[in-house]
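Student: A single structure is presented below for examination.
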Amino acid sequence: MKKVIPVLRILDEKDDFRLCTGVCHAITAGYGDQVMLPQAPIELQVVALTWYVSGVWENGGLEYLLEKDFPDDDAYENISRFFHIIGCEEAAGAVEKVVALFPGNRVPHDNKKREAIFMSIPKDVRENLNDEFGRGNREMNAGLAAYIRAHRSVFIHLPPATIICPDEGPPRE
């Protein structure tokens, strides 16, 4: 079922997951289906990129994240910085450690190179990094929701969000 929800109602949401989902849908309504939003206020960039990265990681770990192409050379540095901003220190630290695995601490644009370099790292190191990111990612909903609430005035100007979901359901953790 599709629902169009006014942004003020979204911002009043008490459930962290629903708040984050609603704001991300509102950002999409205002800026299109983009992950990097250099033209948007930094607060919107933080929300869009951390939410996206969290979802990608949940679907396939850091390996899956490294398969994604980002148009910005500083994408991985921004990922780390934005996770720090929302208080997910372990996730940010894991991303920093991943970046440090690449020559010159720069993640190559070519996803085949990224994958080859990352997969050349011993499996136990990759698994530990995934575990570290996962521990930090568990804090993501609460951290991102707190960030949205603290910067409410930036988000009130977003358009309504069209959300495809049931009216009620169990809260997500």
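Student: Mind checking whether some residue in region 102-114 is in contact (Cβ under 8 Å) with a residue 40 or more places away in the chain, under 16 Å from L62 (Cα atoms) and among the aliphatic types (A, V, I, L, M)? I'd like the intermediate steps shown before the answer.
Tutor: At the first step, the residues of region 102-114 found to be in contact (Cβ under 8 Å) with a residue 40 or more places away in the chain are 107, 109, 111, 114.
Still in the running and under 16 Å from L62 (Cα atoms): 107, 109, 111, 114.
The next check asks that each one be among the aliphatic types (A, V, I, L, M); those that pass are 107.
Yes, that holds for at least one residue.
Student: From the list L49, L8, which one is surrounded by fewer than 16 Cβ atoms within 10 Å (Cβ to Cβ) and of a type in the set (A, V, I, L, M, F, W, C)?
Tutor: Going through L49, L8 in turn, just one is surrounded by fewer than 16 Cβ atoms within 10 Å (Cβ to Cβ) and of a type in the set (A, V, I, L, M, F, W, C): L8.
Student: Can you tell me how many residues within region 63-83 are surrounded by 15 or more Cβ atoms within 10 Å (Cβ to Cβ) and within 13 Å of L49 (Cα to Cα)?
Tutor: Counting residues in region 63-83 that are surrounded by 15 or more Cβ atoms within 10 Å (Cβ to Cβ) and within 13 Å of L49 (Cα to Cα) gives 11.
Student: Has region 39-50 got any residue that is part of a helix (DSSP H, G or I) and closer than 20 Å to N130 by Cα?
Tutor: Scanning region 39-50, I find at least one residue that is part of a helix (DSSP H, G or I) and closer than 20 Å to N130 by Cα, so the answer is yes.
Student: Which of the residues belonging to region 93-112 are in a helix (DSSP H, G or I), on the phi < 0 side of the Ramachandran plot and at pLDDT 90 or above?
Tutor: The answer is G93, A94, V95, E96, K97, V98, V99, A100, P103.
Student: Name the residues in region 102-155 that are under 19 Å from V53 (Cβ atoms) and hydroxyl-bearing (S, T, Y), would you?
Tutor: Y147
The values are calculated or read from the model by the stated rules, or taken from the named source; none is laboratory data. Given the structure is predicted, the values throughout are model-derived calculations rather than measurements. Cβ sites come from the backbone with ideal geometry, for glycine too, and all protein chains shown count toward neighbours.
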